[in-house]
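The values are calculated or read from the model by the stated rules, or taken from the named source; none is laboratory data. Worth saying up front: this structure is predicted, and the values here are computed from it rather than measured. Glycine also receives a Cβ, built like all others from the backbone with ideal geometry; neighbour counts cover every protein chain displayed.
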Amino acid sequence: MDSNLKWKAIFILAVVVICLYGLFGFPSFPTSWAQVTGNFQNRMQLGLDLRGGSHLVLQVQVQEAVTNHTDQIYDALQDQLHKQNITTGEIRELNGTQILIRNVPPASTGALQALVQNQFPDFTMSQAAGEQNGFLLTMRASVIADIEQQTMDQSLETIRRRISGLGLKEPNVAPTGRGQDEILVELPGEGDPTRAKQIIQAGGQLKFQLVLDDNPYPSEAAALATHGGVLPLGSELIPGKIESAGGQSGGQGWYLLNRSPVVTGADLRHATPGPDGNQPGFYQVNFSVSNEAAKRLGPFTGANVGHRMAVVLDGQVQSDPVIEAQINDQGYIEGNFTQQQAEDLSEILNAGALPASIRYLEERTIGPSLGADSIREGVQASVASLIAVWIFLVVYYRLSGINAVVALLLNLVILIAFMAISGSTLTLPGIAGVVLTIGMGVDSNVLVFERIREELRNGKANASAVDVGFDKAFLTIIDTHITTLVSAAFLFLFGSGPVKGFAITLTIGLLANLFTSVYVSRVIFDWHLSRMNREAELSI
Amino acid sequence: MEFFHEPKIDWMGKAKYFATLSLCLLLIGAVAAIRHHGLHYGIDFKGGTMVIVRFSSAPPIGRIRSALDAAGLKNNEVTSSSDISNANSRNDVMIRVEQNGEGEDALNAAKQTILTALEKNFGTPSSSKPDFNAVAVPDLANYLTRRDPLLLQTSAGDRYTQLAQALIAARDRDHGGILTNFNQLNGVEGANSAVIAALNDGFSLNTFSVLNAQVVGPTVGAQLRRQAILATLYALAGMLIYVAFRFEWIYGSAAVIAVFHDVLITLGFFCLFYDKFEISLTVIAALLTLVGYSMNDTIVIFDRVRENLRLMRREPLPVIINRSINQTLSRTILTSGLTFLTVFLLFVFGGQVLRSFSFAMVVGVVIGTYSSFGIAAPIVVIWNKWRGQGATVPVASSAEKRAEKRLATARR
C-alpha cells in the first residue's frame, strides 16, 4: 500500500472511531453490552412523535399586560390631575394603548403637557383628531415592545417553574417561531396533559383584601342597592362561593372588598399543602410571606382583629376567615381542596403568577404505545429495505457492490452519530430525511459504478477506468448534492418544526454521503486495485 | 450482472405521448380535486380535533358515533384505523371533529367532550379509581411507593420506579397499550401477586386507551399551511437559481417545471384517494423529499447532456438528449428501482403513522423518474426548436461562458 493511501485509510478509520465513540462512548466508556445500549439510548434524542408525550403550543396574551399598564397609568393620571387641580372633560381609555382627554381648558394645556412629560414618559401627547381641546396620550412603541418582551420572559420563567414542579423527565419550554408571543411546551411521557395544562394556564394571582361588608350579597345589584347605587370609594365587588355554617358551599355570592390588597402573591415566600384544620378529609395550602410583607401584614391584622379578610385567587374569593389575632408571616388558604388540588395550588403559588393569561393553540399527545409502535415499525421497515438494497447491490455489482454497502453503512453511521453528538432530535420527518439520504447514497454509488463500467467497455484499463469514472461522476454528484443542499437550507430557514427536522437530517446526510461515496469508496477501490493483478477483470 | 446495454430509444420522438400522459394525469387529479372541493387537509392545516383510541375488543363504531352525537358533536367522523402490519392496531378507531364554534377554546372543549363521552359509555362504570391503561410512570411509581406491596419501606429507593417502568413497558409493548386483566402482568419481573393485588385495588381498567390526541387551532393551521407552501416555493426558487447558474436558465426552468408537475400529480393522487390519505405535516416532508429526488434525477440527465454537447458538437439537440437519457438509463432504472423498493416496503410495513408519507413517496418516485425524461428534457428541446436553433446550441454553463469571455478578452 502506498503511503498516500495509508494516510487516507487512517483518516477514514479515525472518522469511524470518533463516530462510534460519539454514539456509544458517552457518558462513561462502556464495559458491558447493557452500557453500550444505555449510552446509545441516552445519546439518541427521539422526538415526541416517536417516544410519546405531549406537545403544547400556547399563546401569551401579551396585549393584556400592555392594557394593564395603560390601566395603571389611567388611574395614576386621574390621581395627578386631581392633585394638581387640572380640570378636564371626560378621560377615557380608547384601546389598550391610548388615553383620550377631552375638553382641556387652554389655560391648563401647558400644565398637562408638563405633567405627561415628567410623570408619564411612557406616553406621547398629541392633539386628538376631531376634538377641540382634546388630547391623545399614546404609549410609545418601544415601551409596548418592552412590556411585551418582559411579559414573554416572565411567562416563560413562570411556566418553567410550574412544569418543573410536575416531576417530569426532561420537559422543554421554549419560545416558538411563529410569532413573538407563542411558547412551546413539550412533556415527554405525559399520557394525558389535562392536569399539566390546568397548572400552566392557572393565573395564580393571589390577593388578600379586607372585607368591608361582613355578609356577602346574592347579586351585584343587591350590593349596589345597599350603597345607594354607587360603591364606596376604594372598594370593589368580587364574586366567590358563599360558605354556609356546616362548611358546605352555598352558591355564588358577591363580596365587597377593599380595593388595595394587603398582601399579594408576589409577597409569598413559600406555600405547602397540608390537611385542612377545620374540614377533616380536605386539604389547605399553608404559606409564609416575606419579611417585608410581614411588616405590613402584622400591624394591619393587629388593627383589624374581628374583621374578615378575603383570600382572592384569580378574581374569585376562596374564603373570608375572621382575623382572630395578629398574623405576622404565616397563613393558610382553605377552600375544600382535595390533596391533588392543594398540591397543584401550592405549586402554582410558588411558581408565581402569570403576567398575562394564555390560550392554547395546539395540543398533540402521542400515547407511549403509539410512539413505541411507530419506532418499531419504522425501524423494521427501514432495516428491511436497507438489507434488500444491499443484497441487490452485491448481486448486481459483485465485489464493488460490497464497496457500496460499506459506503452506505458508513454514511448511516456518520449521520446518526452526528445527530447524536450535536443533540439533534430524530422525528418522523427526520426519518424521511434519512430515506432520501439513503436514496441519494445509492444513487451516487450507482452513478460512479455505471461510469466505470462504461469506461471499461470503451477499453480502458482498470485503474484509469476507475479514475475517469470517479472524475466524471463527481461533477454530477456535486451538482445533485448542492442542489438538494440549497433546498435544504431554504427549508431550514423558512420551515416550521417538522420541516426543519427534515432539513437538518438531510443536510447532515448529504454531507456524509459526499464523504462516503466519493472519498471512502474511492479509497476502497484504490486499495483493491493496488492489491489485484493488473490484467485481472475488475469485479463490477 | 447487467440489465441492458445502452439502448437506442428515441425518447424525444415520444414527447407527444408524454405530454398526453401528463395532461391526463393532471386532469384526473384536477377532476378528483374538484369533486372533493379541494385537498383533504389533515387537522394540521385545517384546525380541528383528532383522537385515536385503541379498544380492547372490536370497536362498536355505531355506538361511538351515537355517543358523540349525544354529546353534541354533530360533525364527527369515526373511522376504523387499523393497520395490516400491526396486529395490535386491529381495534383502533380514529375520531375527528371539525372546528365546532369559534376560536381555540372551542377546540380544547371538543377534545374533552370526546373523552368524557367515551368515558361515560365505555369506561368502567361507577369507578372512581384511575385508569391503569392511561397511567404514566411517575404516577404509578408514586402509588406503588405509597402502597409498598413489596414491604420495602425505607429501603425501596427507586425500586418502585423501576417496577413501574417495567409494568408500563409490558402494557405498551406486549399488550399494545391496553390491558383487559391485571393478571396479564404476571410475567413481569418483580411483579408478584402482592403487586398485582395492589394494582387491582388502586386502578381500574378501561376498555379503551387514547393513543394519540391532537388539537390544532384554526389560526395555527392556517399559519402552518402558509409556512409550508412558502418554504417549498423558496426552496424551488433556490434550486432554479443554482441549476440556472450551473447550466443555463432554460435547464433550471425545465427542471423546476418538471418538479412542479410531480408535486401536482402527487397531490392529484391524494385527491383520488381522498378517503384514505390526508395532507399532514409529514406528507409535506414527503413532498419535499420527492422534490429533492426528482430534481436529482433531472440533474443527472442534464449533466450528461452538458457533457455530450461538448463531445458531439455537430449533432442536433434531440439526438444528444436521447443519447444522454439512454446512457444514464441503466442508472435511472437502478436508482429508481431501489428507491421504489425502499419506499414500497415503508408503505407496506412502516405502520399507520408513516402511511400517508410513504404513499406520497411511492407515487412521487415513479412520477419523479418519469418527469426527468418525459417533461424536463422535452421542454429544453422544444424551447430550442422554438428559438429556431434546433441544430447546434452552445450549452456551456454560464460560468464557463464567462471564463471563455475572459479568455477572449485576455487574448485581445
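Things to note:
- Count of the range B:87-106 residues which are crowded, with 19+ Cβ neighbours inside 10 Å and modelled with pLDDT under 65: 1
- Looking across the range B:288-316, just one residue is polar (S, T, N, Q) and either farther than 24 Å from B:GLY337 by Cβ or surrounded by fewer than 24 Cβ atoms within 10 Å (Cβ to Cβ) (or both), and that is B:ASN308.
- Wholly within the range A:275-334, strands (runs of 3 or more DSSP E) carrying at least 3 residues that are more than 17 Å from A:VAL211 (Cα to Cα) and either in contact (Cβ under 8 Å) with a residue 12 or more places away in the chain or in contact with a Pro (Cβ under 6 Å, 6 or more places away or on another chain) (or both): A:283-289
- Condition met for B:LEU163 (assigned to a loop (DSSP other than H, G, I, E, B), more than 14 Å from chain A (Cβ to nearest Cβ) and over 19 Å from A:ASP373 (Cβ atoms)): no
- Residue match in the range B:317-328 (condition: within 8 Å of chain A (Cβ to nearest Cβ), buried (at least 21 other Cβ atoms within 10 Å of the Cβ) and touching a residue at least 12 places away in the same chain (Cβ under 8 Å)): yes
- Only one of A:ARG102, A:ARG51, A:ARG92 that is surrounded by 15 or more Cβ atoms within 10 Å (Cβ to Cβ), more than 30 Å from B:VAL135 (Cα to Cα) and among the charged types (D, E, K, R): A:ARG102
- Any chance A:ASP373 is under 24 Å from the mean Cα position of the chain (by Cα), crowded, with 21+ Cβ neighbours inside 10 Å and charged (D, E, K, R): no
- Scanning the range B:246-258 for residues that are in contact (Cβ under 8 Å) with a residue 24 or more places away in the chain and facing chain A (nearest Cβ under 10 Å), we see that the one that is nearest to A:THR365 (Cα to Cα) is B:ALA255.
- From A:ALA14, A:ALA65, A:ALA9, residue being under 35 Å from the mean Cα position of the chain (by Cα), among the small types (Gly, Ala, Ser) and assigned to a helix (DSSP H, G or I): A:ALA65
- 2 or more residues closer than 30 Å to B:GLN162 by Cβ and of a type in the set (A, V, I, L, M, F, W, C): qualifying helices (runs of 4 or more DSSP H) within the range B:175-273: B:193-202
Yes/no per residue for (1) at the interface with chain B (Cβ under 10 Å from one of its Cβ atoms); (2) crowded, with 19+ Cβ neighbours inside 10 Å; (3) among the acidic types (Asp, Glu):
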{"site": "A:ALA432", "(1), (2), (3)": "yes, yes, no"}
{"site": "A:MET440", "(1), (2), (3)": "yes, yes, no"}
{"site": "A:GLU450", "(1), (2), (3)": "yes, yes, yes"}
{"site": "A:ASP467", "(1), (2), (3)": "no, no, yes"}
{"site": "A:THR476", "(1), (2), (3)": "yes, yes, no"}
{"site": "A:THR484", "(1), (2), (3)": "yes, yes, no"}
{"site": "A:SER487", "(1), (2), (3)": "yes, yes, no"}
{"site": "A:PHE490", "(1), (2), (3)": "yes, yes, no"}
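- Residue within the range A:157-165 that is in the same structural domain as A:ASN350 (by TED's automatic domain parsing), hydroxyl-bearing (Ser, Thr, Tyr) and surrounded by fewer than 17 Cβ atoms within 10 Å (Cβ to Cβ) present: no
- Restricted to the range B:211-238, and to residues there that are hydrophobic (A, V, I, L, M, F, W, C) and more than 7 Å from chain A (Cβ to nearest Cβ), the residue that is surrounded by the most Cβ atoms within 10 Å (Cβ to Cβ) is B:LEU236.
- Scoring A:ILE375 on the criteria (1) of a type in the set (A, V, I, L, M); (2) in contact (Cβ under 8 Å) with a residue 40 or more places away in the chain; (3) in the same structural domain as A:LYS207 (by TED's automatic domain parsing); (4) not in a strand (DSSP E or B) leaves a single failure, condition (3).
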